[in-house]
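Undergrad: One structure, pasted below without further comment.
The values are calculated or read from the model by the stated rules, or taken from the named source; none is laboratory data. Just so it is clear, the structure is predicted and the values come from calculations on it, not from any experiment. As a convention, Cβ positions derive from the backbone with ideal geometry for all residues, glycine included, and neighbour counts pool all protein chains shown. With ligands, DNA and RNA removed, areas are computed over all heavy atoms of the protein, side chains included. Shrake-Rupley method; radii C 1.70, N 1.55, O 1.52, S 1.80 Å.
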Amino acid sequence: MSRDARARGGWSRRRFVGAVTGTALSASTACGTRPTPETPAEHSSPTATGEPTSTDEPNAVNEPTSTGEPTAAGKPTGPRPLYLGTYTSVEDGGTGIGLATYDPATGRITGTGTLTGVADPSYLAVHPDGRTLYAVNERENGAVIAVRLADRKVLGSRGTGGAAPCHLSVHPSGRWLLSANYTSGSVAVHPIEASGALGERTDVVTHSTPAPGPGQEGPHAHQFVTSPDGRHVLAVDLGTDTVYTYRLDQNKGTLREVARAHTRPGAGPRHLTFHPRGRHAYLANEVDNTVAVCVYDPASGRLTIGEPQSTGTGEGTSYPAQILVTADGAYAYLANRGHNSLARYAVEADGARLRLLGTVPVAGDFPRQIAFSPDGRLLFAANQRSGSVSVFHVDGDSGELRLAGEPFASPVAVCALPL
């Protein structure tokens, strides 16, 4: 089955892969100054109020018991916010952004409702100041949406200038939102106002070269992130087997390409994560079932991609999805969707080498996205086909993962964002 973009009853390639073994997606089968915006022609505001539903989620797992206020040591002692991304336009999908809390000590999740009026919020990110949540609207006329967290008010949406945006991130300056349009193979930039709302798009760039890789009919931008030094923004494109490096003009919000890095043909690069030291990064290749260590040059923005390595899943394609690195740079974790596992790596030689230590079952089906809690003590896995979120305790010394109780049920869970 080809993993390129396609329309199947309105599904994007990304949603179709979630059901590639034969069943439909369901909860039982499958994460300075800022200008005042003007309303663009493609502006598409959510149709509902943006208020959470009044009915709590029925599948809460053990209610946290404390307030969530930090202790004197700065560690949270009670429930913390958790936001859940889903697809709203598929059978048995969600109805908006899932609202929940988690206990930072036990990892137990409690559902608290749904933020309605947000369509197909398949990827989420938060502003560095913690006041605004951003979501993609992964539809043909793609958009990005801002939500004020203090009262969960939807601040509006802006068109991305492309189709099926699947990833977004906030520039460390807090002034720009970066998004990747999967189906159209383009990346976009939006200014962020002081209020957290989004301004009119300042740039969109389509990856017109090189030619698509084997099995692909065009470019497919899958991720758009900022390098640790803040000097460059990098776009990972699965369709062209390329990672593009851009300079972002932080006054105008425009992009200028400065470098390209190519994987081997047909690798299908999906997700890039930097080592904390900033000189190495790790690339998950979805199509050829590999991971690669990359060398990053902060001066030029050039990325050099190393040899492909095992995902720990054996023969066949396991659709590796996302890779994370611990804050101390000692361990890395890779979500293997087809294998339903999390691979654990030791990071060696100051980030220059990954050594596979093994895999652990994810306790769910098709782990689409993984995320650390802010303190790094928990790892969340959003399992698309089983409609669940698994939580693991992370051992800071060994890097070992230990499942924190039963997974939390959440319809077509494709993104988990713990704050």
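Undergrad: Taking all protein chains in place and a 1.4 Å probe, what share, in percent, of the accessible surface of the stretch 136-242 do carbon and sulfur account for?
TA: Roughly 49 percent, rounded to a whole number.
Undergrad: Peptides 155-161, 189-195: what's the order by average Cβ count within 10 Å, highest mean first?
TA: In descending order of packing, they fall as 155-161, 189-195.
Undergrad: Can you give the extra length, in nm with one decimal, that the chain gains between Arg355 and Arg277 once fully stretched, where that is 0.36 nm per residue apart less the Cα-Cα distance?
TA: 26.3 nm
Undergrad: So, one more: For Leu255, what charge total do you get from the other residues with a beta carbon under 9 Å from its beta carbon, if Lys and Arg give +1 and Asp and Glu give -1?
TA: Result for the local shell: -1.
Undergrad: Another question about this same structure. Applying 1/(1 + (r/R0)^6) with R0 = 56 Å to the Cβ-Cβ distance of Arg264 and Ser195, what FRET efficiency is obtained, to the nearest 0.05?
TA: 0.80
Undergrad: In what sequence, highest mean first, do 231-239, 389-397 appear when ranked by Cβ atoms within 10 angstrom?
TA: Highest mean packing first, the order is 231-239, 389-397.
Undergrad: Shifting gears a bit: Peptides 301-309, 83-91: what's the order by average Cβ count within 10 Å, highest mean first?
TA: Highest mean packing first, the order is 83-91, 301-309.
Undergrad: Please compute the modelled spin-label separation between Ser300 and Thr106, points set 7 Å along Cα→Cβ, answer in nm with one decimal.
TA: Here the answer is 5.4 nm between the modelled labels.
Undergrad: So how exposed is Val118, as accessible area in Å² (1.4 Å probe, rounded to 10)?
TA: 0
Undergrad: Moving to a separate point now. Out of Leu149, Trp176, Leu115, whose Cα points farthest toward the positive end of the dipole of the stretch 110-194 (charges: +1 Lys, Arg; -1 Asp, Glu; placed on Cβ)?
TA: The listed residue farthest towards the positive side: Leu149.
Undergrad: On to the next question. When the accessible area of the stretch 252-304 is computed with all protein chains present and a 1.4 Å probe, what percentage of it is carbon and sulfur?
TA: After summing per-atom areas, the C and S share lands at 50 percent.
Undergrad: Per residue, what accessible area does the stretch 337-408 have, given a 1.4 Å probe and all protein chains present, in Å²?
TA: For the stretch 337-408, the per-residue accessible area is 37 Å².
Undergrad: Treating the beta-carbon of each Lys and Arg as +1 and of each Asp and Glu as -1, no other charges, what is the dipole magnitude of the stretch 192-301 about its Cα centre, to the nearest 20 debye?
TA: Value, rounded to 20: 320 debye.
Undergrad: Please name which of Thr254, Ser310, Tyr296 has its Cα lying farthest along the dipole of the stretch 240-317 towards the positive end, using unit charges on Cβ (Lys, Arg +1; Asp, Glu -1) and the Cα centre as origin.
TA: Going by the charge dipole, the pick is Thr254.
Undergrad: If R₀ is 41 angstrom, what is the calculated FRET efficiency for the pair Ala150 and Glu91, using the beta carbon separation as r and rounding to 0.05?
TA: FRET efficiency, Ala150 to Glu91: 0.75.
Undergrad: Place a +1 charge on the Cβ of each Lys and Arg in the stretch 338-416 and a -1 charge on the Cβ of each Asp and Glu, then give the dipole magnitude about the Cα centre in debye, rounded to the nearest 20.
TA: That gives a dipole near 240 debye.
Undergrad: How much solvent-accessible surface does Arg353 expose, in Å² to the nearest 10, with a 1.4 Å probe and all protein chains in place?
TA: Per-residue accessible area (Arg353): approximately 120 Å².
Undergrad: Can you list the HN-Hα couplings for the stretch 303-314, worked out from phi with the Karplus curve (6.51, -1.76, 1.60; θ = phi - 60°), rounded to whole Hz and with x for Gly and Pro?
TA: These are the phi-based 3J(HN,Hα) values: 10, 10, 8, x, 6, x, 10, 5, 9, x, 10, x Hz.
Undergrad: Next question, about the same structure. Mind checking the full-extension length gain between Leu403 and Asn251? Use 0.36 nm per residue of separation minus the Cα-Cα distance, one decimal, nm.
TA: 50.2 nm
Undergrad: Next question. I need the phi-derived Karplus couplings for the stretch 352-362: 6.51 cos²θ - 1.76 cosθ + 1.60, θ = phi - 60°, integer Hz, Gly and Pro marked x.
TA: Karplus-based 3J(HN,Hα) across the stretch 352-362 equals 7, 9, 10, 10, 5, 9, x, 10, 10, x, 8 Hz.
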